[in-house]
Amino acid sequence: MRPVDRLFRILLLLRHGRVVTAAQLAATLEVSERTVYRDIAALQLSGVPVDGEAGVGYRLRRDFQVPPLMFAGDELAALAIGAKLVAACGDAALGAAAASALARIEAVLPRAEEARISALSERYLAPDFMRPAAQREPLAALREGIATSRKVAVTYRRGDGELSQRCLWPLGLVFWGHCWTLGAWCELRQEFRTFRVDRIQAVTVSDEPFADRYGHLWQEYLARQRGEDDCAAAR
């Protein structure tokens, strides 16, 4: 990694305003702590408001704006492929947002880079016929429920074909390649449950909120899932 790219990565790692230790930065960047100390000193000398000291940690003042930097080749490829995958696997609104974001990025790139990312986009295809749009449309409402911490009412078709009405607290979505699943708290069962999105027949976002401001329920759900997987592996 070039020194200038490493300095920019440090800015990205510090931009949330949280204290990050030199050891954490070194592990992420795969360099020595001495290199991190030298890079931090270079940033401070150039006027970047990095607070902290060796042995304690560093943070970037929240009022500092990270300057723009051109994307590297693999980064452009990742953006192009990512936008294609979102359009193929997400709901229509998310797919349109991905295409719009890619167009915004292309608009501010130098002409040569704009032509390169356009060429990349044409070379990567993500067919959506394996996941019909009707099976992906519940994602939009579920994303809204997750973003606003509001309960959702769903009509769910179980594996045996029986329909049931559920009031769920939508916590997060997981994409498995062949399908999306929703991690949620189910009021009917009074426990964490996993629901296949392609089995959701109807979904409505209610006005009733649920408390998961800091994502603690989502983390608990993930911990439960990891625990169940570990137990299954042990058996």
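Checking residue 91 against (1) exposed (fewer than 14 other Cβ atoms within 10 Å of the Cβ); (2) closer than 30 Å to residue 173 by Cβ; (3) touching a residue at least 12 places away in the same chain (Cβ under 8 Å); (4) among the charged types (D, E, K, R), only one condition comes out false. Which one?
(1)
Evaluate region 43-64: report whether one residue or more is in contact with a His (Cβ under 9 Å, 6 or more places away or on another chain), over 27 Å from residue 110 (Cβ atoms) and open to solvent by 60 Å² or more (accessible area, probe 1.4 Å). Walk me through it before giving the result.
Step one: list which residues in region 43-64 are in contact with a His (Cβ under 9 Å, 6 or more places away or on another chain), which gives 59-60, 62.
This time we only want the ones that are over 27 Å from residue 110 (Cβ atoms), so: 59-60, 62.
Narrowing further to those that are open to solvent by 60 Å² or more (accessible area, probe 1.4 Å): 59, 62.
Scanning region 43-64 turns up at least one residue that is in contact with a His (Cβ under 9 Å, 6 or more places away or on another chain), over 27 Å from residue 110 (Cβ atoms) and open to solvent by 60 Å² or more (accessible area, probe 1.4 Å).
Search region 31-42 for residues that are closer than 10 Å to residue 6 by Cα and among the charged types (D, E, K, R) and pair each with any residue that is assigned to a helix (DSSP H, G or I) and open to solvent by 20 Å² or more (accessible area, probe 1.4 Å) when their beta-carbon atoms are under 8 Å apart and the residues are at least 6 apart or on different chains.
Close Cβ pairs (under 8 Å, with a partner that is assigned to a helix (DSSP H, G or I) and open to solvent by 20 Å² or more (accessible area, probe 1.4 Å)) amount to 39/3; 39/6; 39/7.
Given the conditions (1) open to solvent by 50 Å² or more (accessible area, probe 1.4 Å); (2) at pLDDT 80 or above; (3) within 30 Å of residue 138 (Cα to Cα), and given that residue 104 satisfies all but one, which numbered condition is not satisfied?
Going through the list (1) open to solvent by 50 Å² or more (accessible area, probe 1.4 Å); (2) at pLDDT 80 or above; (3) within 30 Å of residue 138 (Cα to Cα), residue 104 breaks only (2).
How about region 140-161: which of its residues are among the aliphatic types (A, V, I, L, M) and in a helix (DSSP H, G or I)?
Within region 140-161, the first condition is being among the aliphatic types (A, V, I, L, M), and the residues that meet it are 140-142, 146-147, 152-154.
Correct list: 140, 141, 142, 146, 147.
Output the residue which, of all residues in region 162-191 that are assigned to a loop (DSSP other than H, G, I, E, B) and out of contact with any Ser or Thr (no Cβ under 8 Å at 6 or more places or on another chain), is nearest to residue 205 (Cα to Cα).
187
Does residue 36 satisfy the criteria of being surrounded by 12 or more Cβ atoms within 10 Å (Cβ to Cβ) and assigned to a loop (DSSP other than H, G, I, E, B)?
Details: surrounded by 12 or more Cβ atoms within 10 Å (Cβ to Cβ): yes; assigned to a loop (DSSP other than H, G, I, E, B): no.
In short, no.
Note down all Cβ pairs under 7 Å where the first residue falls in region 1-14 and is part of a helix (DSSP H, G or I) and modelled with pLDDT under 85, the second is among the small types (Gly, Ala, Ser) and open to solvent by 50 Å² or more (accessible area, probe 1.4 Å), and they're at least six residues apart or on different chains.
Partner pairs satisfying both residue conditions: none exist.
Looking at residue 17 and the list (1) of a type outside the set (A, V, I, L, M, F, W, C); (2) open to solvent by 20 Å² or more (accessible area, probe 1.4 Å); (3) not in a helix (DSSP H, G or I), which single condition is not satisfied?
(2)
Scan region 198-230 residue by residue and report those that are open to solvent by less than 90 Å² (accessible area, probe 1.4 Å) and either within 18 Å of the chain's Cα centre (by Cα) or over 21 Å from residue 140 (Cα atoms) (or both).
Scanning region 198-230 gives 212, 215, 217, 218, 220, 221, 222, 223, 225, 227.
Have a look at 194, 204 and point out the one that is of a type in the set (Ser, Thr, Tyr), assigned to a strand (DSSP E or B), at pLDDT 95 or above and farther than 14 Å from residue 153 by Cβ.
Values: 204 fails: farther than 14 Å from residue 153 by Cβ.
Matching residue, one of 194, 204: 194.
Condition first: at pLDDT 80 or above, touching an Asp or Glu at 6+ places or on another chain (Cβ under 6 Å) and part of a strand (DSSP E or B). Can you find one or more residues in region 69-92 that meet it?
No: region 69-92 contains no residue that is at pLDDT 80 or above, touching an Asp or Glu at 6+ places or on another chain (Cβ under 6 Å) and part of a strand (DSSP E or B).
The values are calculated or read from the model by the stated rules, or taken from the named source; none is laboratory data. The shown structure was predicted, so the numbers you read here are calculated from the model rather than taken from an experiment. As a convention, Cβ positions derive from the backbone with ideal geometry for all residues, glycine included, and neighbour counts pool all protein chains shown. All accessible areas refer to the heavy atoms of the entire protein, side chains included, with ligands and DNA or RNA removed. Shrake-Rupley method; radii C 1.70, N 1.55, O 1.52, S 1.80 Å.
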